[in-house]
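Student: Could you have a look at this structure, given as structure tokens, before my questions?
The values are calculated or read from the model by the stated rules, or taken from the named source; none is laboratory data. Since the structure is predicted, the reported quantities are computational estimates derived from the model, not experimental observations. Note that we place each Cβ from the backbone using ideal geometry, even for glycine, and neighbour counts take in every protein chain shown. Keep in mind that these areas ignore ligands, DNA and RNA; they rest on the heavy atoms of the full protein, side chains included. Shrake-Rupley method; radii C 1.70, N 1.55, O 1.52, S 1.80 Å.
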Amino acid sequence: MAENLVNLTIDGVPVSVPNGTLIWKAAQMAQIDIPIYCYHPKMKPLGACRICIVQVEGQPRLTTACTTPVAEGMAVHSRNAVASEARAAIMEFLLINHPLDCPICDRGGECDLQDFAVAYGRGQSRFIEDKKHAAKAVDIGREIVLDRERCILCQRCVRFGEEYAQEPGLIMIERGVKMEIGTFPDQPYDSIFSGNTVEMCPVGALTSKRYRFRARPWELTATSTICPHCPVGCNIKADVRLGREVVRFRSRENDDVDDGFLCDRGRYGYTFINSLDRLTTPLLRKDGELLPATWDEALAAAAQGLANVAHHGAGAVQTIVAPTLTNEEAYLLGKLCRTVLGSGNITAPHGNFALAADYPELNSAAFNDLDGANLIILIGANPYQHQPVFDLRVKKALRGGAKLLLLRDETSDLDEFAAGTIELDVSNLDEALQAATRHPLAANDGRIVVWYDQRILFANPSAGIAVLRNLVGQLTRVGQPPLVGPLVHFSNEVGVREMLQATRLRLGQGGSQAWATRSQAGSGTQAIYIVGTEATVPEDCQFVVVQDSFLTDTAKRANVVLPAATFAEAAGTYTSTEGRVQRLRPAIQPLPGSRSHLDIIIALAATLNERFDSASYEQVFAEIAANVPLYNGLTLGKLGTKGMRRPLPSALPASLADLPADAAETLAGVARLWTRSSPPLSRALSSSCSCSPALPT
Amino acid sequence: MPRMFDTVKGLGITLSHIFRKADTISYPEQRRPHPPRTRGRHVLHRYENELERCIGCLLCSAACPANAIFIEAAENDSTNPTSPGERYAATYEIDMLRCIFCGLCEQACPTGAVTLEGETELVSFARSSMVYTKEMLLEPRGTATRGSILAWAAPAPAGADTDLHVPDSRGQFDGAWTTAAAVGKANLPVNPSAQRPTGRTEEPQP
């Protein structure tokens with residue numbers, strides 16, 4: 001190891017870094033700040049802005065720290081008189097045509113140009129000519145506005161599209177003083193990753209339409225939470241203005257998950273939180289009409305209605321759990337059904353995938369395993385649509401030398417990156433997987449990573465799982481099985497299913513009867529308790545309780561509507577599709593009149609004369625850690641800010657015969673309940689954000 | 001014995017005061033003029049072209065130690081702008097019960113839009129009516145005063161450049177609408193679209 005290290009000094013500080021490290025990175029390691037505009041740590045260096053200029057002893061001219069690799073014995077000076085003078089001159093050049101409209105610029109207050117001008121600039125310009133003027137507020141895409149005057153031509157945005165997302169949209173037009181950012185003619189920049197360019201723009205040249213002029217940075221408080229819009233679980237900072245209004249999401253870099261980037265669905269999926277259409281009071285059906293009621297009335301009515309039908313049999317009360325609820329909420333709902341409602345009739349409209357408790361070998365892959373893999377096999381997956389940041393991770397791995405084998409039945413943006421494609425027929429999974437094992441690409445001894453979309457198991461889960469396990473066996477090379485992971489579609493599908501599986505196994509054994517599926521229920525479903533999702537309600541259903549943030553079509557059919565808080569107001573944990581348990585933190589208080597799902601479940605149980613031991617999400621999580629085998633030993637402290645993958649059981653299941661008992665039940669549930677015309681996300685994005693209450697006095 | 005004369009002496013002082021001119025005035029019929037730097041009720045100023053000076057930058061609310069100013073900014077309609085530049089204050093409220101009349105907002109304002117003026121009689125029967133809205137604070141159309149900002153401005157030394165807001169060494173402003181808006185020099189003819197340079201390339205309109 002020692003021979004790979006290079007010794008150099010930066011500002012007199014001795015540093016030892018691996019060979020090939022850039023001077024800028026070496027300085028970071030030595031905790032010496034060298035300013036950068038054009039360089040971005042996740043992308044290749046360019047050396048366009050020159051602000052990182054340093055002096056290297058023995059070299060005739062100054063050099064840029066972001067493009068120069070270290071060399072043995074190098075002596076770098078980043079802030080001696082020569083380097084400082086040069087940097088001040090560069091700063092002066094950068095500011096020549098910058099409009100200095102900082103008071104009306106969205107970046108003002110968190111702008112690198114402002115900060116570095118103060119730190120390294122001269123303070124007074126000698127430029128006396130008129131500034132260059134260019135177009136302002138140019139609409140270049142669905143989410144982005146470009147201000148050409150503010151642009152310092154660092155090209156981060158252009159390179160992000162071309163190099164990182166590999167989805168070019170922004171380009172440099174013209175040369176020299178006429179150079180500017182633009183799009184291809186008549187081609188708006190509508191990439192689903194376009195929001196990242198706003199975040200990485202070092203000045204206010206690219207601004208987000210949704211955030212534009214909504215707030216100034218110093219008014220914002222950031223909450224470290226996670227994105228609830230897909231199962232990747234990207235880490236975000238939720239910026240809240242004046243403690244009330246969520247005004248933007250930013251990436252909170254977690255290299256294990258998102259590599260510091262977000263998709264636009266996640267980045268802009270917050271406007272519904274501030275919607276004026278949110279429910280703020282419980283509703284109770286009286287004489288056929290939904291009328292506002294107090295919480296006590298509504299909870300009493302809900303409890304009464306559910307209790308009235310509970311005696312009809314174990315399946316009389318059906319509970320439907322959204323796959324976007326937290327683990328704690330799902331766990332408590334399972335417990336509520338088991339111990340209070342006496343009904344095992346609980347389901348979540350999720351897809352099918354092999355549960356980690358039963359099939360650890362089909363849940364072994366982490367996102368990080370993509371990097372350094374030799375072969376990536378995607379089965380039926382379209383991550384661009386369903387797990388966009390996973391798509392970025394795949395592209396990154398491919399740039400790192402991995403090969404992609406696509407088993408596909410529809411076109412996706414990854415087609416052009418695939419080294420091999422195999423037509424997939426979901427009804428004949430075995431044939432496609434056999435073809436994959438025979439594919440020339442599969443004949444390598446390196447790391448093979450397989451990700452399958454949950455929909456391939458939709459038609460026949462047990463057979464599909466068997467085929468996948470067979471694939472694991474056939475792709476095992478040199479004793480090393482391939483790493484396999486499921487790609488689900490909703491943020492906490494994995495966690496909710498694991499919680500429901502666990503509550504069935506654990507809590508159910510004491511009080512009520514064995515797990516009853518709808519088909520076994522004597523008198524059929526008579527009451528439905530729907531939490532956080534939409535579902536088809538049978539005509540003959542007597543009593544419906546809906547717990548949601550909006551008056552959805554399902555809620556309009558309900559007898560009792562309980563207004564619930566959104567993810568931005570809730571605390572809990574999510575389990576991502578790679579099995580990473582991460583914490584969701586509340587950015588704001590629940591909208592007055594609404595309560596968090598967890599609080600409502602606890603209150604409803606209390607109304608049904610059942611006092612749960614756990615009254616907060618921390619306590620529920622402790623209960624989960626004690627009761628759910630996969631989560632044994634986890635604590636909120638261990639999860640920290642970046643989460644951790646829940647450990648997999650080491651013992652493999654005995655045989656294929658012990659398929660999870662709810663496989664059939666799940667399938668029926670999906671077929672009947674998967675009626676949502678669009679995922680909650682589209683609702684989120686379409687809701688307008690116009691809520692701006694005045695300052696209370 | 002001398003004490004008797006003390007009483008007479010004291011009464012003499014009293015008598016002498018009776019004939020002096022009184023210090024008090026009969027407020028509210030009579031009022032004294034306030035000094036020019038009095039910090040009373042705020043005024044939001046306009047340019048002579050009737051555009052609002054305020055650009056909704058929120059620097060006043062950031063400077064406010066009493067958290068009395070609430071602003072929501074919005075994007076100007078470029079054909080019918082409220083203020084020069086791209087941004088204006090859609091909501092501008094000052095809670096006069098919170099305000100401590102320190103004048104930091106006036107100092108923070110880059111455009112001279114908000115000043116504290118001589119009006120000090122701020123009373124109401126209801127707390128809610130003490131939140132002054134933008135409509136209450138704005139000076140009427142057709143007026144374009146600078147307010148107490150002129151009274152506070154220290155006289156510049158002889159020969160000094162008095163126009164240093166625009167950061168070029170000539171101290172001159174080059175006519176760009178947005179820069180002008182940001183530094184309070186947007187007293188330009190009302191047709192900002194004519195002042196805005198357009199891009200050389202045709203922009204896609206998605």
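Student: Based on what the data block shows, is A:A436 at pLDDT below 95, outside any loop (DSSP other than H, G, I, E, B) and not assigned by TED's automatic domain parsing to the domain that holds A:R580?
Tutor: In short, yes.
Student: Of everything in the stretch A:108-140, what is open to solvent by less than 20 Å² (accessible area, probe 1.4 Å), touching a helix residue (DSSP H, G or I) at 6+ places or on another chain (Cβ under 8 Å) and either within 11 Å of another protein chain (Cβ to nearest Cβ) or not in a loop (DSSP other than H, G, I, E, B) (or both)? Give them in sequence order. If you could, list the steps in order and put the result at the bottom.
Tutor: As a first pass, look at the stretch A:108-140 and keep what is open to solvent by less than 20 Å² (accessible area, probe 1.4 Å): A:108, A:111, A:113, A:134-135, A:138, A:140.
Remaining after also requiring touching a helix residue (DSSP H, G or I) at 6+ places or on another chain (Cβ under 8 Å): A:108, A:111, A:113.
Scanning the stretch A:108-140 gives A:G108, A:L113.
Student: If I filter the stretch A:38-79 down to residues being in contact (Cβ under 8 Å) with a residue 60 or more places away in the chain and touching a Ser or Thr at 6+ places or on another chain (Cβ under 8 Å), which single residue comes out as surrounded by the most Cβ atoms within 10 Å (Cβ to Cβ)?
Tutor: We begin by selecting, within the stretch A:38-79, every residue in contact (Cβ under 8 Å) with a residue 60 or more places away in the chain; these are A:38, A:40, A:42-44, A:46, A:48-49, A:51, A:70-79.
From what is left, the residues that are touching a Ser or Thr at 6+ places or on another chain (Cβ under 8 Å) are A:46, A:70, A:74-76.
On the way: A:L46: 19, A:V70: 26, A:M74: 20, A:A75: 13, A:V76: 28.
Taking the candidates together, the pick is A:V76.
For every residue, the table says whether it meets (1) within 14 Å of chain B (Cβ to nearest Cβ); (2) within 20 Å of A:A571 (Cα to Cα).
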| position | (1), (2) |
| --- | --- |
| A:K178 | yes, no |
| A:G182 | yes, no |
| A:T197 | no, no |
| A:A222 | no, yes |
| A:I226 | no, yes |
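Student: Can you find, within the stretch A:163-176, the residue that is nearest to the other protein chains (Cβ to nearest Cβ) among those that are of a type in the set (A, V, I, L, M, F, W, C) and open to solvent by less than 10 Å² (accessible area, probe 1.4 Å)?
Tutor: This residue is A:L170.
Student: Scan the strands (runs of 3 or more DSSP E) fully inside the stretch A:260-321 and keep the ones with 2 or more residues being in contact with a Gly (Cβ under 9 Å, 6 or more places away or on another chain).
Tutor: A:317-321
Student: Exactly one condition in (1) farther than 16 Å from A:C201 by Cβ; (2) surrounded by 22 or more Cβ atoms within 10 Å (Cβ to Cβ); (3) within 9 Å of chain B (Cβ to nearest Cβ) is false for A:C105; which is it?
Tutor: Unmet for A:C105, out of (1) farther than 16 Å from A:C201 by Cβ; (2) surrounded by 22 or more Cβ atoms within 10 Å (Cβ to Cβ); (3) within 9 Å of chain B (Cβ to nearest Cβ): (1).
Student: Which one is surrounded by the fewest Cβ atoms within 10 Å (Cβ to Cβ), of the residues in the stretch A:11-37 that are in a loop (DSSP other than H, G, I, E, B) and of a type in the set (S, T, N, Q)?
Tutor: A:Q31
Student: Residue by residue through the stretch B:112-136, note down the ones that are in a strand (DSSP E or B) and away from every other protein chain (no Cβ under 14 Å).
Tutor: Within the stretch B:112-136, B:T115, B:L116 qualify.
Student: Next up: Find the residue count for the stretch B:144-161, including only residues that are away from chain A (no Cβ under 14 Å) and open to solvent by 50 Å² or more (accessible area, probe 1.4 Å).
Tutor: Of all residues in the stretch B:144-161, those away from chain A (no Cβ under 14 Å) come to B:144-160.
Next, from what is left, pick out any that are open to solvent by 50 Å² or more (accessible area, probe 1.4 Å): B:145-146, B:150, B:152-159.
The qualifying residues number 11.
Student: Somewhere in the stretch A:344-364, is a residue part of a strand (DSSP E or B) and either within 22 Å of A:E534 (Cβ to Cβ) or in the same structural domain as A:K403 (by TED's automatic domain parsing) (or both)? If you could, list the steps in order and put the result at the bottom.
Tutor: So the first thing to find is which residues in the stretch A:344-364 are part of a strand (DSSP E or B), and the list is A:346-347.
Imposing the further condition that a residue be either within 22 Å of A:E534 (Cβ to Cβ) or in the same structural domain as A:K403 (by TED's automatic domain parsing) (or both) reduces the set to A:346-347.
Checked against the condition, which is being part of a strand (DSSP E or B) and either within 22 Å of A:E534 (Cβ to Cβ) or in the same structural domain as A:K403 (by TED's automatic domain parsing) (or both), the stretch A:344-364 yields at least one hit.
Residue-by-condition table, conditions (1) within 30 Å of A:K556 (Cβ to Cβ); (2) out of contact with any strand residue (DSSP E or B) (no Cβ under 6 Å at 6 or more places or on another chain); (3) surrounded by 23 or more Cβ atoms within 10 Å (Cβ to Cβ); (4) at pLDDT below 95:
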site: A:I226; (1), (2), (3), (4): no, no, yes, no
site: A:C230; (1), (2), (3), (4): yes, yes, yes, yes
site: A:D239; (1), (2), (3), (4): no, no, no, no
site: A:G243; (1), (2), (3), (4): no, yes, no, yes
site: A:E253; (1), (2), (3), (4): no, yes, no, yes
site: A:L276; (1), (2), (3), (4): yes, yes, no, yes
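Student: Name the residues in the stretch A:68-122 that are closer than 30 Å to B:L58 by Cβ and either of a type in the set (S, T, Y) or in contact with a His (Cβ under 7 Å, 6 or more places away or on another chain) (or both), would you?
Tutor: Once the filter is applied, which keeps residues that are closer than 30 Å to B:L58 by Cβ and either of a type in the set (S, T, Y) or in contact with a His (Cβ under 7 Å, 6 or more places away or on another chain) (or both), the stretch A:68-122 yields A:L113, A:Y120.
Student: Of the residues that make up the stretch B:123-142, is at least one modelled with pLDDT under 90 and either surrounded by 12 or more Cβ atoms within 10 Å (Cβ to Cβ) or not charged (D, E, K, R) (or both)?
Tutor: No - not one qualifying residue is present in the stretch B:123-142.
Student: What tally of residues in the stretch B:71-111 results from selecting those that are among the hydrophobic types (A, V, I, L, M, F, W, C), in a strand (DSSP E or B) and within 8 Å of chain A (Cβ to nearest Cβ)?
Tutor: Residues that pass the stated criteria total 2.
Student: Test A:F193 against the stated conditions and say whether it is over 19 Å from B:T178 (Cβ atoms), more than 11 Å from every other protein chain (Cβ to nearest Cβ), at pLDDT 90 or above and within 24 Å of the chain's Cα centre (by Cα).
Tutor: Working: over 19 Å from B:T178 (Cβ atoms): yes; more than 11 Å from every other protein chain (Cβ to nearest Cβ): yes; at pLDDT 90 or above: yes; within 24 Å of the chain's Cα centre (by Cα): yes.
Answer is yes for this residue.
Student: Could you check how many residues of the stretch B:21-63 are within 14 Å of another protein chain (Cβ to nearest Cβ) and among the small types (G, A, S)?
Tutor: 4
Student: I'm trying to understand the selection: among the residues of the stretch A:80-101, which are within 13 Å of chain B (Cβ to nearest Cβ), within 21 Å of A:W24 (Cα to Cα) and without any contact (Cβ under 8 Å) to a residue 24 or more places away in the chain?
Tutor: Correct list: empty.
Student: State yes or no: is B:I94 over 22 Å from B:A153 (Cβ atoms) and either without any contact (Cβ under 8 Å) to a residue 40 or more places away in the chain or acidic (D, E) (or both)?
Tutor: Against the criterion (over 22 Å from B:A153 (Cβ atoms) and either without any contact (Cβ under 8 Å) to a residue 40 or more places away in the chain or acidic (D, E) (or both)), B:I94 does not qualify.
Student: Inspect the stretch A:661-673 for any residue being at pLDDT below 85, surrounded by 13 or more Cβ atoms within 10 Å (Cβ to Cβ) and within 24 Å of the chain's Cα centre (by Cα) and give the result as yes or no.
Tutor: Checked the stretch A:661-673: at least one residue is at pLDDT below 85, surrounded by 13 or more Cβ atoms within 10 Å (Cβ to Cβ) and within 24 Å of the chain's Cα centre (by Cα).
Student: If you check B:K185 against the conditions, is it touching a Cys at 6+ places or on another chain (Cβ under 9 Å), at pLDDT 65 or above and among the charged types (D, E, K, R)? Before the answer, list the steps.
Tutor: Values: touching a Cys at 6+ places or on another chain (Cβ under 9 Å): no; at pLDDT 65 or above: yes; among the charged types (D, E, K, R): yes.
So B:K185 does not fit the description; no.
Student: I've got another one for you. Answer yes or no as to whether A:F160 is at the interface with another protein chain (Cβ under 7 Å from one of its Cβ atoms) and aromatic (F, W, Y).
Tutor: When the stated conditions are applied, A:F160 does not pass them.
Student: Just give me the residues in the stretch A:322-342 being β-branched (V, I, T) and part of a helix (DSSP H, G or I), in sequence order.
Tutor: Across the stretch A:322-342, the qualifying residues are A:T339, A:V340.
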